[in-house]
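A.B. asks: Take a look at this one; I'll ask things after.
The values are calculated or read from the model by the stated rules, or taken from the named source; none is laboratory data. Remember, predicted model here, so these are calculated numbers, not experimental data. Cβ coordinates were reconstructed from backbone atoms using ideal geometry, including for glycine residues, and neighbour counts include every protein chain displayed.
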Amino acid sequence: MARLHDKVAIVTGAASGIGERTARLFAEEGARVVAADINEPHAGVLAVRADVADPASVEELVATTKERFGRIDVLAHFAGITNDGRAEKMTLVQWDAVLRVNLTGTFLIAQAVVREMSAQGGGSIVLASSRSYLGNFGQANYAASKGGVVSLTRTLALEFGRYKVRVNALAPGFIETPMTAVLSEKLRAKAIEGTPLRRAGKPEDVAQAALFLASDESAFITGIVLAVDGGRTTGTAPA
Ligand SMILES: NC(=O)c1ccc[n+]([C@@H]2O[C@H](COP(=O)([O-])OP(=O)(O)OC[C@H]3O[C@@H](n4cnc5c(N)ncnc54)[C@H](O)[C@@H]3O)[C@@H](O)[C@H]2O)c1
């Protein structure tokens, strides 16, 4: 049996990278996928243009999903941005933009879907943190946003457990997507060198972990942050 048989899943960030691969994998595993992105998504049975940082747009995405499929079983939330720079030179515009999409956007969409999930008796929410939450040079805004996602995940897991809604996060390491394609070859090589499995991650690696957390195979798991980083975190900090 397909691992997401009959489930309705919203996948955000679905026009690119990890989100796009996740939308395709979920569809292959039997889900009815609503692919959402600020850009035009091409995966999923229903493609919706949505800005996760805009409450009205998020409400519309949830309403459209309900109208079409009647329920929401899974949220896999991968919409996110970077805007790197060293902290002493970082502008407030850079800071606000990243916090707004990565942290406020995560809160807004989790809040909107839990209302549906609690009414229907359960669901699974998978959020995107990052290994950067441990601290990453040149990413004060991004690291703080992804640390916020960890705290949010743990808090929502505590609050939503009573509704049988599970909330977990993924903390990917260096994954080859359009987001990391802009980084220098030197940085890429350094990341691989620090990775025990000696390679960069692929969107597929993260999508498979998202599938596990979305599916009933993880039915008794909530509030965790699952590293998908080829072992890079091991030995440097608590996983
Ligand atoms: N690539 C990595 O190495 C890596 C590592 C750790 C965490 N992550 C996280 O995984 C997620 C996916 O990253 P990716 O590498 O696939 O990036 P990506 O840039 O390839 O895809 C991100 C998608 O999010 C969409 N998006 C941006 N702002 C949005 C908004 N306001 N509303 C809706 N959609 C929006 C973009 O249009 C894009 O399609 C992000 O949250 C990222 O922070 C990535």
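A.B. asks: Does residue 156 qualify as being within 9 Å of the ligand (Cβ to nearest atom), crowded, with 16+ Cβ neighbours inside 10 Å, in contact (Cβ under 8 Å) with a residue 24 or more places away in the chain and closer than 19 Å to residue 58 by Cβ? Spell out the reasoning first.
C.D. replies: Working: within 9 Å of the ligand (Cβ to nearest atom): no; crowded, with 16+ Cβ neighbours inside 10 Å: yes; in contact (Cβ under 8 Å) with a residue 24 or more places away in the chain: yes; closer than 19 Å to residue 58 by Cβ: yes.
No, not satisfied.
Let's see how each residue does on (1) more than 11 Å from the ligand (Cβ to nearest atom); (2) part of a helix (DSSP H, G or I); (3) among the basic types (Lys, Arg):
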| residue | (1), (2), (3) |
| --- | --- |
| 33 | yes, no, no |
| 67 | yes, yes, no |
| 75 | yes, no, no |
| 79 | no, no, no |
| 94 | yes, yes, no |
| 104 | no, yes, no |
| 109 | no, yes, no |
| 119 | yes, yes, no |
| 127 | no, no, no |
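A.B. asks: Looking at the stretch 150-170, which of the residues that are in contact with a Gly (Cβ under 8 Å, 6 or more places away or on another chain) and of a type in the set (S, T, N, Q) is farthest from residue 134 (Cα to Cα)?
C.D. replies: This residue is 168.
A.B. asks: Take the stretch 37-55 and flag every residue that is near the ligand (Cβ under 10 Å from one of its atoms), touching a Lys or Arg at 6+ places or on another chain (Cβ under 9 Å) and over 16 Å from residue 18 (Cα atoms).
C.D. replies: The answer is 53, and nothing else.
A.B. asks: Can you report the number of residues in the stretch 42-53 which are modelled with pLDDT of 95 or more, touching a strand residue (DSSP E or B) at 6+ places or on another chain (Cβ under 7 Å) and part of a loop (DSSP other than H, G, I, E, B)?
C.D. replies: Result for the stretch 42-53: 2.
A.B. asks: In addition: Conditions first: (1) under 16 Å from the mean Cα position of the chain (by Cα); (2) buried (at least 21 other Cβ atoms within 10 Å of the Cβ); (3) of a type outside the set (S, T, N, Q). Residue 107 passes all but one, so which condition is the exception?
C.D. replies: It fails just one condition, (2).
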